[in-house]
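I have placed the structure first, in the form of structure tokens, so that the comments after it can refer back to it.
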Amino acid sequence: MQWKLFADLAEAAGERTVAVDVDDDASVGDALEALLAAKPALRDRALNEDGELRGDVNLLKNGENVDADATVAAGDELALFPPVSGG
Amino acid sequence: MSDLSLDATQLDRYSRHIILDDVGPEGQKRLLEGSALVVGAGGLGAPVIQYLAAAGVGRLGIVDDDVVERSNLQRQVIHRDADVGRPKAESAEEFVADLNPDIEVEAMERRIAPEEARNLVADYDVVVDCTDNFPTRYMLNDACQIEGVPLCHGAIYKFEGQITTLSPDGPCYRCLFPEAPEPGTVPDCATTGVLGVLPGTVGCLQATEAVKVLLGLGETLTGRLLFYDARELSFETVPYQRNPDCPVCGDDGIDDLAGVDYDGGCGVASD
């Protein structure tokens, strides 16, 4: 599946799209872990001290809000985006 | 017939609206009798003010506490070289007066305080969020939700924009982004730079939404967040839902702004 990253999250990762491979029964959380393993510089920006997704980082699967334990399948598109504030 | 209230100059000025079936003289009259509060007269506010004034939105409130700087002129297209050093609210007011004498402008040279936010937004039919900071964005969301005023949101980062419309029935900005980033973590345009034409595109989309709200026309971006990427020239829309536990528009949402810490992360105090 593919991750799409927005704004400063893409900058932290150094890429706007990142493809990851996970097992058939994997969760969104596993796919996130695979993303952070591939792009370690993103970890501190995306997760808080407790290893949870930061409150200002949104996660979507195929355009819908999901929990970390939701399942993922090949072909899913996952997105991580923060609010931006420039005017 | 309501079109009798448009004078000959107005029939001429707004003729391309008036001949549109979905606007017509009634729609134009609605715009002329309508009002919009534009918060921020910078990169986003410039095209919003231009198009709402040109469209004949009869009363425009313009709020900004900054003065025009030369580095603004690369994107803030209502201000001119000669305006450097002047308050943006004043420069914007003059721009509107020169463009369209039909428009009554209320220029406010200040930053909106939480104590006045609800009364201020309640005085307009629609609010357009063209600010450059999270505290004011969350404050506008909260005030507009409580007062039942639609809010057209736009925000930019370097080459990217986010646009959505927050309607009185929700979902609201806090349903989409429950927490503001920690102060200082998301850099502003002065730090990161911004493609000059980017706020033009994003502001025009906000102005489109505001005009649609005033006309009651079409489908707004309520419950949808539009991402714009200028580098790829791509638009992507994702849906989002109302959060029943939202501290503002949820079932037990707040009904005043007194308990919100806008200076320290915009959190809502729980009772």
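Before moving on, here are some points about what is shown:
- Coil-residue trypsin sites (Lys or Arg not before Pro) of segment B:49-129, DSSP, other Cβ within 10 Å capped at 16: B:Arg80, B:Arg110, B:Arg111
- Sorting the segments A:71-78, A:5-12 by their mean number of nearby beta carbons within 10 angstrom, highest to lowest, gives A:5-12, A:71-78.
- When the Gaussian network model of chain B links Cα atoms closer than 10 Å, the mean-square fluctuations of B:Ile62, B:Ile146, B:Ile19 top out at B:Ile19.
- Number of partner chain Cβ atoms within 10 Å, mean per residue of A:74-85: 5
- Extension gain, B:Ala8 to B:Asp251: 0.36 nm times the residue separation minus the Cα-Cα distance gives 82.5 nm.
- Database remark: amide H of A:Asn58 closer than 5 angstrom to the amide H of A:Phe81 (H placed geometrically; neighbours at sequence offset of 5 or more, or on other chains; Pro and chain starts carry no H).
- For B:Tyr157, no residue 5 or more places off, or on another chain, has a built amide H under 5 Å of its own.
- Length-normalised contact order of chain B in % [C-alpha pairs under 8 Å, at least 6 apart]: 18
- Dividing the Cα radius of gyration of segment A:2-81 by 2.2 N^0.38 Å, with N the residue count, gives 0.97.
- Phi-derived couplings, Karplus 6.51 cos²θ - 1.76 cosθ + 1.60 at θ = phi - 60°, listed residue by residue for segment A:40-47: x, 5, 7, 4, 5, 6, 8, 10 Hz, with x used for Gly and Pro.
- Remark: spin-label model distance A:Ala68-B:Asp169 equals 3.5 nm, labels positioned 7 Å along the Cα→Cβ axis.
- For segment B:160-168, backbone phi angles converted through the Karplus equation (6.51, -1.76, 1.60; θ = phi - 60°) give residue-by-residue couplings of 10, x, 10, 9, 7, 10, 9, 9, x Hz, Gly and Pro being listed as x.
- Angle in degrees between helix A:28-38 and the longest Cα principal axis of chain A, rounded to the nearest 10: 60
- Coarse-grained scattering of segment B:34-268 at q = 0.17 Å⁻¹, given as base-10 log I(q)/I(0) from a Debye sum over alpha-carbon atoms: -1.30
- B:Glu104 versus A:Asp76: modelled label distance in nm, points set 7 Å from Cα along the beta carbon direction: 5.5
- Once both labels are positioned 7 Å from their Cα atoms along Cα-to-Cβ, the gap between A:Leu53 and B:Asp66 label points is 3.2 nm.
- Built amide H within the under 5 Å cut-off of B:Val248, gap 5+: B:Ile254
- Loop-located GluC sites (Glu not before Pro) in segment B:142-209 (DSSP state not H, G, I, E or B) with no more than 13 neighbouring Cβ atoms inside 10 Å do not occur.
- Cα point-scatterer Debye curve for segment A:10-56, base-10 log of I(q)/I(0) at q = 0.15, 0.17, 0.24, 0.32 Å⁻¹: -0.39, -0.49, -0.92, -1.24
- Length released on extending from B:Ala190 to B:Thr222, taking residue separation times 0.36 nm less the Cα-Cα span: 8.5 nm
- In this structure, the pairs whose alpha-carbon distance is over 22 Å, taken from B:Lys29/B:Lys212; A:Lys4/B:Lys212; B:Lys88/B:Lys212; A:Lys4/B:Lys158, are A:Lys4/B:Lys212; B:Lys88/B:Lys212.
- Evaluated at q = 0.09, 0.12 Å⁻¹, the base-10 log of the normalised Debye intensity for the protein assembly as shown, with identical point scatterers placed on the Cα atoms, takes the values -0.51, -0.88.
- Shielding by other protein chains, B:125-133, mean Cβ within 10 Å: 1
- FRET efficiency, B:Glu115 to A:Glu15 (Cβ-Cβ, R0 45 Å, nearest 0.05): 0.50
Where a number appears in this text, it was derived from the coordinates with a stated rule and is not lab data. Bear in mind the structure is a predicted one, so any value in this text is a computation, not a measurement. Using ideal geometry, Cβ is built from the backbone for each residue, glycine included, and neighbour counts are taken over all protein chains shown.
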